[in-house]
Every structure is written in C-alpha cells, then in structure tokens.
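K.L.:
This is the structure I have questions about; it appears just below.
The values are calculated or read from the model by the stated rules, or taken from the named source; none is laboratory data. Note that the structure is predicted; figures quoted are calculated from it, not measured. FYI the Cβ positions are ideal-geometry reconstructions off the backbone, even for glycines, and counts take in every protein chain you see.
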Amino acid sequence: MSAELVALGAAGVAAGLLARGGRRLALPTIPAFMAAGIVLGPSVTGVIDHPEDIELVAKIGLVVLLFHLGIEFPAEQVLASGKRMLLAAFGYIGLNVGGGLALGFTIGWGTPEALVIAGAVGISSSAIVTKLLVELRRLTNAETPVILGVIVVEDIFLALYLGLLGPVLGGADSPAAMLGEVGLTFGFILGLMLLARFGARAVHMIVRSDEDELVTVIAIGLAILVAGFAEQLGVSDAIGALMIGLVVSRTAAKHQIERLILPVRDAFAAIFFVVFGATIQLDALGPVLLPVAAAVMLSLVMNVVGGVVLARSHGLNQRSAANAALVLLGRGEFSLILATLAIGAGLDERIGPFVALYVLVLALVGPILAARSHRLSLVLPNWLLGGSFRYVGQEPMVRSCPHTDVVAAEPVSDGCDDCRTLGDEWVHLRSCLTCGYVGCCDDSKNKHATRHHESTQHPAIVSIEPGESWRYCYVDRVLAPGVRTRRSSPPEQSRPDQAPPEQSRPDQAPPEQSRPDQAPPEQFRPDQA
C-alpha cells in the first residue's frame, strides 16, 4: 500500500510542477499531466511501476471529469442556438470524424480501432478551446459564439458516440447481439434523460444540504454509483457518469454542486491523465510516428475546411475562419477517454501510444498556430467565403462595436461624386454610417472614404458593394457584421478642417501592443487588395 501512496503523491506533485512550467509557455495542462505520467512510468523512472495498481483512482478521475461535464452541459444554449448553428456544427464534426474514420481504416488496425481513432481525431478539447479563447482575448470576436456552439454540440455527439461505441468495444458475437447492446445503451440513456426531465426534484431531495461537505460527498457518491451500475449493466461507465451529471444539471442544486465538484475534478482528472501517460512505453511510440503525422496533417486540413464552413454559414471573413479552424484544433480529454476505453476493451495495443502522441503534438502545436491564425487568413481565397470580403479578409471581426451598431444613414449618391468632379474612376464604394457620404475605397486613387473620416471624424463606414454587408470602424479598427439598431448622430466635435489623427487610418499599421491576435502591420489594410 505504501508504494501506491508514493505513486499517487508523486503523480500529483509531478503533474502540478510540469503544468506550472507549461503555463509559463502558455501550454494547456493536459499534455503536462501526460508527460508527468510518462516520466514517472515504467519506461523512464519507474516511480509508477505498475499503473494498474492505482487504476481505480484514475477511473474515479474519469467518472468525476465526465460527471462535471454533464453538469456543465448548457441544454438551453443548444436549444436556442438555432438550425444554422446546429447544421454548421454537425458539418464541422462530420468532416473531422469522417476524416478520422477514413484514416483509421487506412491504417488497418481493425474496425473497432478505426472507430476509436475517428472519435479521438474528430472531437476537440473543450478545456483547451475555452482556455485559448480567454488567453488570446477573443471572447468578443464574431467567431467566438460559433466556436462555443461547436464544442457544445460536440458534447452531445460524444454521448451518442459513446453509446454506439460501447457495444462495439464489448465484442458482440452477432449483429443481433450488437443491436441488443445498442438498444440497452440507448435505453439507459433514455431512462436518465427521462429522469432529468421528470425526476429532477427527487434527485434534488437526495443531493441537497445546507452543508457543502455533505453535498460534495453525496454528489461524488451518486456519480460513482451510477457509473458502476452502468458498467454492471454492460453500458460504459463513462455514459453513466456523463448522464447522471446531466440529470443533476436539471436540479436546483446545479450551481452549488458545479462549484464544489470543480476542485475535486481537477485533482482526480489530473491523476487520470498521469496514469494514462504512465501506461505509455517510450519504445511503443516509434511504430506510431507515421500514423500520428498523418493524423495531425489530416486534422489540420479538416479543421481549415471546417473553419471555412463555419465562417461561410455565419457570414464571417477569412480572419474569423482561420481563428475558428486553429482554435478548435486542440485535442485532449475526449480523445484520451476513448483511448482508455479501447485499452480496457483489449483492442490493438498501438491505440494508446497513437492517441497519446497525437494529443501531445496537437496540444503543443495547436496554441502556437492559433496565436498566428492571421497568417492562414492570408491564403484563404475570397471566393471560399462567398466573395464578400475582397479587401477585408484579414481584419479582426467582432460581434458588435458601438460605432457600427447604428442605423446607417442612407447613401446620398450612387457613386463617388468627388471622383466624378475630378474626372477620376473608383474601385469600390463605401458609405459613411453617420451622414451617408459615398466615397471610394483605399484601393482607389483618391481614397475619398478615408479622407471623409479624417476631415469629419465620423467613425465608421459600410460597404455598399453588391453582396457585401460588412461595416468598418476607423476608431477601433475592427470589422463588424451589418446591423441596424439605433440612429447615428454626428460627433459634437466634428470639424471639416480638423487634422486627422495618425491612428485613425484603416490602411495604417496598428501599434504592436493594440491587440494580441491582430494581423502584422503589412496585412492590416481593410480596403486594400
């Protein structure tokens, strides 16, 4: 018993120290926990010489992780997201899971293994995604609600996928037996969904208490109990933990339990990731190097395609497509859960090293690429996004801006009158949101739209080209979708003879410190080809 206590203590300390070092490099914690397991495992130091000795603690970590995920599940957000969001999210998931399934069959390790690879390659890590959005300061970006919608729908997909995968991993002897196991799994899921719908008050009576200590004990016990009962029925314990979390999320004690379970989840989930890492032999990584390289390249390509699909369906530009594609690239807890189930089912022993190395590579590469997503936006052709962002594909796009969230003044002309007076031609036309002045874009000879802003200090313009509805704010230097909310009024200090401030030009390089996710100066030109 002393050896197991030493192993558990070393797992916690090593995981925490490596994760703390990774934080300084802006890396997620999950790969640090896995790295701690590899270092402590039999192939390096041997501190955790027999990972199976602490497997029960790791399984509790898995149960608590999924239980908390179920509690956090935002059912109302899913229902309110709308048909467009759901179709785009399932399109993104279909691309990634479908590509993973094709890769799995190409590798040739077997059908159950291909299904595990499909899920591991196809599902993003919600923990890594949300962490990146915060650290990159993109919470107000226009693509962020779409990204969050995708990871919410992925949670739904995970529950369904685990339900279908369980009978496959169980090794049913015949199609009839497999159908029976699928029916049992989905019957179990349906039963807990009905309990969430009609029995939430009864569950609340079980878990409620005025003392946080008792709530924590009862909630953790309930999660482990249902997970164990599910496994006894032949249903995955992961399904049991996830679904009872969903039941608890419908009770009045949801927020209290979510708050209390969070530190328990963090501690036990770290042990789960460490133990998973400890099961990986370093010499087992060599045979999976090529499959992992193929999986990483496949994920990168499928994510770029998926990012374009998400952006086009929501009227976003190239910059938003690149942001979505690379932020969603991270893989983590879901992939490792599927690998753990595969190892427990006795599938090909290469599954564990494959998923471990794949997650490690993307956890390291993903944040680096996400922070430099503007470079990807430079190579995305305008026609992929419907041809709406010919000059503004690289601009940061936000959900709203106080200078653009106004009812636009009607354009006062059908062309640039100043160019007509000079006998010159223009390329594209922009209209001032405040007064309706129509001027030529910055790719035109005279740049009258920008000159109008410089002389009047009217803050924003709207494109009046056919098929375009974006608005650009000179003050905040951001792009926003076309909206109509309130009437704009000219600024009190607007003077035609006023000298333009240097920072107000949309084709001028912004200061480096202005936005961490902003394009480099040479690309920051909203109206220039």
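K.L.:
Restricting the first residue to segment 63-80 and requiring it to be in the same structural domain as Ser124 (by TED's automatic domain parsing), which pairs with a second residue that is modelled with pLDDT of 80 or more and of a type in the set (Asp, Glu) meet a Cβ separation below 6 Å and a spacing of at least six or different chains?
P.N.:
Ile71/Glu258
K.L.:
Tell me the residue from Val153, Val129, Val168 that is more than 13 Å from the chain's Cα centre (by Cα), in the same structural domain as Ala321 (by TED's automatic domain parsing) and in a helix (DSSP H, G or I), please.
P.N.:
Step by step, each of Val153, Val129, Val168 is checked, and only Val168 is more than 13 Å from the chain's Cα centre (by Cα), in the same structural domain as Ala321 (by TED's automatic domain parsing) and in a helix (DSSP H, G or I).
K.L.:
Output the number of the condition that Thr45 fails; it satisfies all remaining conditions of (1) at pLDDT 85 or above; (2) closer than 25 Å to Val301 by Cβ; (3) surrounded by fewer than 18 Cβ atoms within 10 Å (Cβ to Cβ).
P.N.:
(2)
K.L.:
Can you confirm whether Thr106 is modelled with pLDDT of 85 or more, surrounded by fewer than 21 Cβ atoms within 10 Å (Cβ to Cβ) and not in a helix (DSSP H, G or I)?
P.N.:
Judged against the criteria, Thr106 is not a match.
K.L.:
I'd like to verify a number: residues in segment 268-287 that are small (Gly, Ala, Ser) and loosely packed, with under 14 Cβ neighbours inside 10 Å, how many?
P.N.:
1
K.L.:
Additional query: Does segment 377-387 include one or more residues that are out of contact with any Ser or Thr (no Cβ under 7 Å at 6 or more places or on another chain), loosely packed, with under 15 Cβ neighbours inside 10 Å and part of a helix (DSSP H, G or I)?
P.N.:
Within segment 377-387, one or more residues are out of contact with any Ser or Thr (no Cβ under 7 Å at 6 or more places or on another chain), loosely packed, with under 15 Cβ neighbours inside 10 Å and part of a helix (DSSP H, G or I).
K.L.:
Exactly one of (1) crowded, with 19+ Cβ neighbours inside 10 Å; (2) closer than 27 Å to Ala253 by Cα is unmet by Tyr161. Its number?
P.N.:
(2)
K.L.:
From the set of residues in segment 430-448 that are under 36 Å from the mean Cα position of the chain (by Cα) and over 19 Å from Val406 (Cβ atoms), which is surrounded by the most Cβ atoms within 10 Å (Cβ to Cβ)?
P.N.:
Filtering segment 430-448 for residues that are under 36 Å from the mean Cα position of the chain (by Cα) and over 19 Å from Val406 (Cβ atoms), the one surrounded by the most Cβ atoms within 10 Å (Cβ to Cβ) comes out as Cys441.
K.L.:
Quick one: count up the residues across segment 134-150 that are aliphatic (A, V, I, L, M), assigned to a helix (DSSP H, G or I) and surrounded by fewer than 21 Cβ atoms within 10 Å (Cβ to Cβ).
P.N.:
2
K.L.:
Would you be able to tell me the number of residues in segment 41-65 that are more than 29 Å from the chain's Cα centre (by Cα) and either acidic (Asp, Glu) or more than 10 Å from Thr279 (Cα to Cα) (or both)?
P.N.:
So the answer is 10.
K.L.:
OK, next. Residues in segment 131-162 that are at pLDDT below 80 and either touching a strand residue (DSSP E or B) at 6+ places or on another chain (Cβ under 8 Å) or small (Gly, Ala, Ser) (or both): how many?
P.N.:
So the count comes out to 1.
K.L.:
Any idea which residue in segment 251-267 is surrounded by the most Cβ atoms within 10 Å (Cβ to Cβ), counting only those that are without any contact (Cβ under 8 Å) to a residue 40 or more places away in the chain and of a type in the set (D, E, K, R)?
P.N.:
Asp266
K.L.:
Assuming Pro411 fulfils every condition listed in (1) over 24 Å from the mean Cα position of the chain (by Cα); (2) within 30 Å of Ser125 (Cα to Cα) apart from one, which condition is it?
P.N.:
It fails just one condition, (2).
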